[in-house]
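J.: Pasting a structure below so you can have a look.
The values are calculated or read from the model by the stated rules, or taken from the named source; none is laboratory data. In this text, all values refer to a predicted model and were calculated from it rather than measured experimentally. Virtual Cβ from ideal backbone geometry, glycine too; neighbours counted across all protein chains shown. The accessibility values were calculated without ligands, DNA or RNA, using every heavy atom of the protein model including side chains. Shrake-Rupley method; radii C 1.70, N 1.55, O 1.52, S 1.80 Å.
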Amino acid sequence: MGKRILIVDDAAFMRMMIKNIVVKNGYEVVGEAENGKQAVQMYAELKPDLVTMDITMPEMDGIEGVKAIRALDPNANIIMCSAMGQQAMVMEAIQAGAKDFIVKPFQQDRLLQAIERVLARK
């Protein structure tokens with residue numbers, strides 16, 4: 001049984017790309033959300049092992065999403081994915097409780113390394 005992942009990104013093609021990479025490598029995608037608000041609701045219902053979270057999204061951005069999920073579960077494993085490699089965003093995401101940060105466009109290996117590293121930290 002693979003680890004269960006929730007993918008959060010407002011771009012459908014990005015969710016599909018992440019999904020293809022993780023499924024091909026033995027992970028199970030339990031849900032997909034297109035904003036932070038959906039992500040928080042789905043996290044509460046599905047209790048995934050890991051969340052990949054975009055930063056820039058409508059309704060509730062990834063930073064707020066991380067804070068809300070961490071309020072539900074202080075041990076939540078969240079990896080931020082963003083096209084913006086801005087230091088301030090990275091720091092804000094980590095301070096909010098993200099365990100790792102990937103800059104888009106990312107290599108498949110970089111995503112898998114981040115997932116494995118975060119899940120290994122139990």
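J.: For the range 56-122, which whole percent of the accessible surface, found with a 1.4 angstrom probe, sits on carbon and sulfur atoms?
T.: 52 percent
J.: Tally Lys and Arg at +1 and Asp and Glu at -1 over the other residues with C-beta under 10 Å from the C-beta of ALA76: what net charge comes out?
T.: Computed value for this residue: +1.
J.: Where does each of LYS104, LYS67 land when they are ordered by accessible area, with a 1.4 Å probe and the largest first? Kindly include the intermediate steps, with their values, before the conclusion.
T.: On the way: LYS104 35, LYS67 95 Å².
If we order LYS104, LYS67 from most to least accessible, we get LYS67, LYS104.
J.: A further question on this structure: Count the lysine pairs in the chain whose Cα atoms sit under 19 Å apart, keeping only pairs 8 or more residues apart in sequence or on different chains.
T.: Going through the chain pair by pair, I get 14.
J.: Something else about it: Keeping all protein chains in place, calculate the accessible area per residue for the range 1-92 (probe 1.4 angstrom), answer in Å².
T.: 48 Å²
J.: Which stretch or stretches of the range 6-40 have amide N atoms under 18 Å from the point lying 7 Å from ALA71's Cα along the Cα→Cβ direction?
T.: Inside the label zone: 35-40.
J.: In whole Å, what is the distance between the alpha-carbon centres of the range 89-121 and the range 1-57?
T.: Taking the Cα centre of each part, the range 89-121 and the range 1-57 sit 13 Å apart.
J.: Then there is this: Provide, as a two-decimal number, the C-alpha radius of gyration of the chain over 2.2 N^0.38 Å, N being how many residues it has.
T.: That works out to 0.92 for the chain.
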